[in-house]
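Input: a single structure, listed below in structure tokens.
Here, each number is a calculation from the coordinates, and none is a lab measurement. Remember, it's a predicted structure, so these values are computed and weren't measured experimentally. No Cβ is skipped: glycine too gets one built from the backbone with ideal geometry, and neighbour counts run over all protein chains shown.
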Amino acid sequence: MNKSPWYREPLMWFVVGLPATVVAAGLVTLFLAAHGSDDVVRDDFRKEGLAIYADPARDAAAAAAGARAMLVINAADSRMQVAVTLEQGALPPALLVLLSHATRAEFDRMITLRGTDGRYEGSIEALPPGRWYVEITPPDRSWRLRGDFRDSAAALQLEPGVS
């Protein structure tokens, strides 16, 4: 009787190979889960049952206040300027500008602009190319203006977006 060594038996490799493959796949999954980041869902969404809906309350507040803004990004001197008008209410002493890249969360930025008389200004680094979403809001987040642009658009008019 010619017995081959254990490592030449196909059934042994099948019995050992399947669990070893599952262990390796589990370790890869664990690594990806530990090193990948989940994007945070912003606070203007609400959950009803299993469905998630956008909460338009801040957009409606901007419309009620008659908020309008002109955003100007000057790439040459790394400056961002925002001119805001409100029909009702007082202008805040500062504005938060959230720039969200459409596909790359690591490029997202939040800039605080300071100013008076509806004119706010601050510095900004050069923006990578792509589509950008803009949100302008006071520090208390009582209202917001939203818009979007591609690459380094020179100016963007923002008005309330109530749906």
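Whole number please: convex hull volume per residue, Cα atoms of segment 53-158, in Å³. Write down the numbers at each step before the final one.
On the way: hull volume 10.3 nm³, N = 106.
Dividing the Cα hull volume of segment 53-158 by its residue count gives 97 Å³.
Listed values for segment 127-132 are Karplus-derived 3J(HN,Hα) couplings in whole Hz (6.51 cos²θ - 1.76 cosθ + 1.60, θ = phi - 60°), namely 8, x, x, x, 8, 10, and x replaces Gly and Pro. Using only Cα atoms and rounding to the nearest 10 degrees, what angle (0 to 90) does helix 10-35 make with the longest principal axis of the chain? That helix lies at roughly 20 degrees to the long axis.
Once the Cβ-Cβ distance of Glu87 and Asp148 is raised to the sixth power relative to R0 = 25 Å, the FRET efficiency obtained is 0.55.
Rounded to the nearest 0.05, what FRET efficiency is calculated for Ser4 and Ala33 with R0 set to 35 Å and r the Cβ-Cβ distance? Show your work: numbers first, answer last.
Values: r = 41 Å, r/R0 = 1.18.
About 0.25, to the nearest 0.05.
Step by step: find N for segment 70-116, compute 2.2 N^0.38 Å, then divide the Cα radius of gyration by it. What's the final number? For segment 70-116, the normalised Cα radius of gyration is 1.34.
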